[in-house]
Amino acid sequence: MLVRPDGVAQINVRMTLRTGDGDLIFMKYGGFRHGPKDVMDRLARGEAVEPTEYYFRITPLFETGSQKYAWLNRIITIGTGHKLANGPVYYVYEILPIFHRVLRALDTFRRF
């Protein structure tokens, strides 16, 4: 993780996950974590901080040779996170096709 001069933590992670049934999934993600200096200092000290007090977002991508989890190779995801003393916790969400229709509608709206 790189902490930039403006205090933003720029996240760049690569890892291999093993599912409960033994399949392997490669996951890579980038993202950002930032907030008020006092909040970030508390996080650095390992103190408990409410996730609403700072920004923590990631963009995971997955790769696997597993047939069971092959659907992960074809999706786009975003995630939110928060940091506990023993590491980060992430909630990852798939971007569904309806989102594309919403973006097209917004693009049409902007033209007026």
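None of the figures in this text is laboratory data; all of them are computed from the coordinates on show. Being a predicted model, the structure only gives us computed values, none of them experimental. Quick reminder, even Gly has a Cβ in these numbers, built from the backbone with ideal geometry, and neighbours come from all protein chains shown.
Can you pull out the residues in the range 10-32 that are in a loop (DSSP other than H, G, I, E, B) and exposed (fewer than 13 other Cβ atoms within 10 Å of the Cβ)?
Across the range 10-32, the qualifying residues are THR19, GLY20, ASP21, GLY22.
Kindly indicate whether TYR69 is in contact (Cβ under 8 Å) with a residue 24 or more places away in the chain and over 19 Å from VAL3 (Cα atoms).
yes
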